[in-house]
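Peer 1: Dropping the structure in here first, questions after.
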Amino acid sequence: MRNLVRHLQIFAAVAMLAAGAGACAPSSLTEIGSVNLLPRVGSLSRPDWMTYSGSKDEFGLRPVTAADLVSADGQCASEALPAQESDAAPPTAPLQSGGIALQMTECDVVRRAGAPEQLQIGDERGERTTVITYIQGPRPGIYRFSAGRLTSIERAPEAPGARAAPKAKSSKKAARS
């Protein structure tokens, strides 16, 4: 009971102080509409690292040209070499460094992963489709293209004979003898 009386006294004192402070304050502060607890978003300044000064056009992909497409023999048009002697093997271009990402062109992938081991070029709904498979090499996988752009990457099937023999389990008894 004493706690209730004490709480009521504190509440009454706070209410009287609030009423007194309200009577002394200018009328502009007592109006609820003029109080802004949160700053306006437009008035905040952003740090330089959070701003982007470019245009939206920079994020668009350039159109795929014939030079970006792989031919039936797995070569890119920009890398086509003049006819050489039939005995000489065509020289291989060095691979570009960097990863492979979705939306890359067919030739971008071939420049990074090397000459394709398997290549399938087709036409689906009037759009060029290409499937390039690498079973060995630095980036094995199945790369699927639609309209010259990479749309999916899958794990490559295991190369024949690439499966390692299971290790023999050693027992403590064999180790002691």
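Peer 1: Modelled with pLDDT under 85 and farther than 26 Å from Glu158 by Cβ, is that true of Asp123?
Peer 2: So Asp123 does not fit the description; no.
Peer 1: Residues of the range 119-137 being under 16 Å from Gly74 (Cβ atoms) and in a loop (DSSP other than H, G, I, E, B), which ones?
Peer 2: Answer for the range 119-137, where residues must be under 16 Å from Gly74 (Cβ atoms) and in a loop (DSSP other than H, G, I, E, B): Ile135, Gln136, Gly137.
Peer 1: Among the residues of the range 103-125, how many are more than 20 Å from Thr65 (Cβ to Cβ) and in contact (Cβ under 8 Å) with a residue 24 or more places away in the chain?
Peer 2: 3
Peer 1: While we're here: Taking the condition of being among the hydrophobic types (A, V, I, L, M, F, W, C), farther than 14 Å from Arg149 by Cα and assigned to a loop (DSSP other than H, G, I, E, B), how many residues in the range 100-116 meet it?
Peer 2: Residues in the range 100-116 being among the hydrophobic types (A, V, I, L, M, F, W, C), farther than 14 Å from Arg149 by Cα and assigned to a loop (DSSP other than H, G, I, E, B): 1 in total.
Peer 1: Taking the range 127-139, which residues are small (Gly, Ala, Ser) and modelled with pLDDT of 90 or more?
Peer 2: If the condition is that a residue be small (Gly, Ala, Ser) and modelled with pLDDT of 90 or more, then no residue fits.
Peer 1: Sticking with this structure for a sec: What number of residues within the range 140-177 are part of a loop (DSSP other than H, G, I, E, B), modelled with pLDDT under 85 and not hydroxyl-bearing (Ser, Thr, Tyr)?
Peer 2: The qualifying residues number 14.
The values are calculated or read from the model by the stated rules, or taken from the named source; none is laboratory data. Note that the structure is a prediction, hence the values are computed from the model and not measured. Cβ sites come from the backbone with ideal geometry, for glycine too, and all protein chains shown count toward neighbours.
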